[in-house]
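> The structure's right below; bear with me while I get my questions together.
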Amino acid sequence: MSAMRKTINELLSDYKKVLHHDITVQGWVRAFRSNRFIALNDGSTINNLQIVVDFEKFDENILKNISTASSLNIVGEVVESQGAGQNIEIIAKKIQILGDNFTEERDKTILQPKKHSLEVLREQAHLRFRTNLFGAVFRVRSAISFAIHQFFNQNQFFYMNTPIITGADAEGAGEMFGVTNFDLNNIPRDENGDIDFEQDFFGKKTNLTVSGQLNVETSMMGLGRVYTFGPTFRAENSNTTRHLAEFWMVEPEVAFNNLEDNIDLAEDFLKYVIGYVLENCKDDLEFLDKRFAEEQKQKPEKDRASEGLIEKLENVIKKRFKRVSYTEAIEILKNSKENKKGKFQFPIEDWGADLQSEHERYLVEKHFESPVVLFDYPKEIKAFYMKLNEDGKTVAAMDVLFPGIGEIIGGSQREERYDVLSEKMKTMNVDAHELWWYLDTRKFGSVPHAGFGLGLERLVLFVTGMTNIRDVIPFPRTPKNAEF
Ligand code: ATP
Ligand code: MN
C-alpha cells in the first residue's frame, strides 16, 4: 500500500496524528544543504518541511540532480525534529525526482538564491508563485475571496453572475473595451460611412463590462439581497499603482436599504473580511508583517507607516469608521495647512470640486488617521443613478477611503423614482433608449435600494501591505501589458 499523501500544511498543523507513520509528500526544493537537508515547499503554506537524507542510502546520481526548484516525490517517516524551528521532519526512505532543472538555464532567475525585485518577478509568471512573498499574497487573496462569499452567504445574499459582455454603453464608470467579431481589416460600414454594428456578432455595439451594477439592481428587484463578484474591465490609460485594466469587483445591491444602511453594510463587510484573514492566515500575515517592517526601515523617517501591518489591520477592525459629509470634508481640506501652503497639486477652492487621491489621503492619513466614509457628494461629479437628496444639489453617494489606498469602495443609495431618474439621464446625456430595461425596474414596484462596489485588488493591497496593484493579481493586465 502506498503511504498516506499529505500536503505540507496538513502535516505541520496536525503532526501528532502522523508521528512515526510513513507518508508521501510532494513539492519543490527550496534549498538542499550539506547533501543532507532538503527544505521542501508545496505551496500549501509558507512553511517548508525538512526532509532528512542519509546520503549513503541513496544513489549519488539522484542526489546530484536535486537542486533549488526541482520537484520531488518523497516517501518517509515522520519523526520529531532534532533541530529548532520545526516540530517534525521526514526521514526519507524513497526519493523520486519529478522534474529536474534544465542545466543550460542555470542562470534563470528562479535558480538564483538571492532576493529578486518585484519588477523582475512580474516578468516571470510561473516563478513568481514559487516565492515566499507571492505565495503569501495569493493565499491571502484566495482567503479574502472566500471570506467575501461567506459574509454574503451568512447575511442572506444571493450570488448573481452578471454578464461580462454588455450592450450598455452608458454605465459611466470608465472607458470601455469594445467586443467585436468583425474582421478588423474589413469593417462593414453603412451608407453614412459609420461602422455597421448590426452586422456584428450581437447585432449591436458591445463592450466588456465596467461594472455589474445595473444588472445586480435588476435582479435585486426580485431577489432582494444580491451580489456579484467577477472581473470588470476599464480601458483607463492611467498607469498608476492602484489601477488595472482588468480587476475583480464585488458589488452587493440591497432592496429597502438607504444610504446609512449601505455604509453600515460596507463597514461590517470590510471588518468581517479583514477579521477572517487575521484569524485564518496567521503565518502568511506574520511573514508580510515582517516584510512590511523591513520596507518601512528603508524609507525616510517622515514617510514611515505609524503602525505595523498586523497592528493596522487589528485597529481597522476595532474602530468605527469616521463618517464625514463631502461638505465637511471640503471645509477641512480648504482650511488645511497643505491647501494654504499650495502643497496640493489640485488646490481646493470651492464646494463642488472633485476630490483627488491626494485629498482623500490627506483626510485619512493626516486629518482623521482612520478609515473615512465620505457621503453626500455634489450631483455633478457622481453617476446618474445616485439618489438625489432633498437639497437638490447633492446625491446619496458614499466612498470608503482607506489609509495608503484612498478609495476602496464606491457606492450609493440609488434613485428609485422613475421621473427623477429619467430626468437625470436626460441632463447627463445617458441614452434612455439603450437602458429601457433599467428604467423599467422603476416602473413596477420600485423600491428604495442601495449598493456599492469594492475593488478586490485594493483590499488585497491593504491587507498584504503591498504597494503596487500589479503584485496582488496573479496575471496583471495594464496598458501595454497582457503577457501570460
Ligand atoms: P478611482 O477614482 O480610484 O479610479 P472609481 O471612482 O473609478 O475609482 P468606481 O467606479 O466607484 O471607482 O469602482 C468601484 C471600486 O472599484 C473602487 O472603489 C475601487 O476599489 C475599484 N476600482 C476602480 N477602478 C479600478 C481599477 N482600474 N483597478 C482596480 N480597481 C479599481
Ligand atoms: Mn476610476
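The values are calculated or read from the model by the stated rules, or taken from the named source; none is laboratory data. Predicted, not measured: the structure shown is a model, and the values here were computed from it. Backbone-built Cβ (ideal geometry, glycine too); neighbour counts: all protein chains shown. We work out accessible area using only protein heavy atoms, side chains counted, and drop any ligands, DNA or RNA first. Shrake-Rupley method; radii C 1.70, N 1.55, O 1.52, S 1.80 Å.
> Could you state, as a whole-number percent, how many of the C-alpha pairs of the chain are farther apart than 44 Å?
27
> Only Cα pairs under 8 Å and at least 6 apart count here; give the relative contact order of segment 344-408 as a rounded whole percent.
Once divided by the residue count of segment 344-408, the mean separation gives 34 percent.
> Efficiency by 1/(1 + (r/R0)^6): what FRET value for THR180 and PHE484, r their Cβ-Cβ distance, R0 = 22 Å, to the nearest 0.05?
Efficiency, rounded to the nearest 0.05: 0.40.
> Tell me, how many Å apart are the Cα centres for segment 392-452 and for segment 127-200?
That distance is 21 Å.
> A follow-up question, please. Would you pull out the residues with amide H under 5 Å of ALA31's amide H, same chain only if 5 or more places away, H placed 1.01 Å from N?
Long-range HN contacts for ALA31: ALA39.
> Along the Cα→Cβ direction, 7 angstrom out, place labels at MET428 and SER34. What is the inter-label distance in nm?
Reported label-point gap for MET428 and SER34 is 6.8 nm.
> Roughly speaking, to the nearest percent, how much of the chain's 1.4 Å accessible area is carbon and sulfur?
48
> Can you work out the FRET efficiency for the pair GLU80 and LEU223, with r the C-beta to C-beta distance and R0 = 60 Å, to the nearest 0.05?
After rounding, the FRET efficiency stands at 0.65.
> What is the diffusion coefficient of segment 168-315 in µm²/s, taking the Kirkwood radius over Cα pairs and the Stokes-Einstein relation at 25 °C with a viscosity of 0.890 mPa s?
My calculation gives 124 µm²/s for D.
> Where the Cα atoms of segment 8-60 are projected onto their three principal axes, how long is each span, largest first, in whole Å?
32, 24, 15
> Additional query: SER142 versus ASP100, label points 7 Å from Cα toward the beta carbon: distance in nm?
Placing both labels 7 Å beyond Cα along the Cβ direction yields 3.0 nm.
> Could you give the length gained by full extension between GLU407 and LYS115, i.e. 0.36 nm per residue of separation minus their alpha carbon distance, to one decimal place?
101.9 nm
> For segment 84-98, what does the Karplus curve 6.51 cos²θ - 1.76 cosθ + 1.60, with θ = phi - 60°, yield as ³J(HN,Hα) per residue in whole Hz, taken in order and with x for Gly and Pro?
My calculation for segment 84-98 gives 7, x, 8, 7, 10, 9, 10, 8, 5, 10, 9, 10, 10, 7, 8 Hz in order.
> State the antiparallel share, in %, of DSSP beta bridges confined to the chain, rounding to the nearest 5.
Close to 85 percent.
> Turning to a different aspect of this structure: Normalised by the number of residues in the chain, what is the relative contact order in percent for Cα pairs under 8 Å and 6+ residues apart?
Contact order relative to length: 13 percent.
> Under 1.5 on a/c is rounded, so check that first for segment 262-379, then, if it is not, pick prolate when a/b is larger than b/c and oblate when it is not; a ≥ b ≥ c are the square roots of the alpha carbon gyration tensor eigenvalues.
Oblate, since a/c reaches 1.5 and b/c is not below a/b.
> Looking at the calculated P(r) for segment 108-214, what percent of the C-alpha pair distances fall above 25 Å?
Value for segment 108-214 (Cα pairs over 25 Å): 57 percent.
> Taking the simple approach of a point 7 Å from Cα along Cα-to-Cβ for both ALA69 and ARG304, what is their distance in nm?
Each label point lies 7 Å from its Cα, and together they span 3.7 nm.
> Tell me, Kirkwood radius of segment 319-425 from alpha-carbon pair distances, in Å?
After inverting the mean inverse Cα-Cα distance, the result is 14.4 Å.
> Using r as the Cβ-Cβ distance of ASP54 and LYS366, and R0 as 60 Å, what FRET efficiency do you calculate, to the nearest 0.05?
0.50
> Kirkwood hydrodynamic radius of segment 402-484 from all distinct Cα pairs, in Å?
Result for segment 402-484, one decimal place: 16.1 Å.
> Amide H to amide H, which residues 5 or more places from ARG323 or on other chains are under 5 Å from it, using H placed in the peptide plane?
VAL373
> When DSSP beta bridges are limited to those with both residues in segment 22-117, what percentage is antiparallel, rounded to the nearest 5?
Roughly 95 percent of the DSSP beta bridges within segment 22-117 come out antiparallel.
> Got a sec to turn the phi values of segment 116-132 into Karplus ³J(HN,Hα) couplings, 6.51 cos²θ - 1.76 cosθ + 1.60 with θ = phi - 60°, whole Hz, x for Gly and Pro?
So the Karplus estimates, Gly and Pro as x, are 9, 6, 5, 5, 4, 5, 4, 8, 10, 2, 6, 6, 4, 5, 8, 7, 4 Hz.
> Within segment 253-324, count lysine pairs with alpha carbon atoms under 16 angstrom apart where the residues are 8 or more positions apart or belong to different chains.
Lysine pairs, 8 or more places apart or on different chains, close enough: 9.
> What value, in deg cm²/dmol to 500, does the helix sum -39500 (n - 2.57) over DSSP H runs of n ≥ 4 give at 222 nm once divided by the residues of the chain?
Result for the chain, helices only: -8500 deg cm²/dmol.
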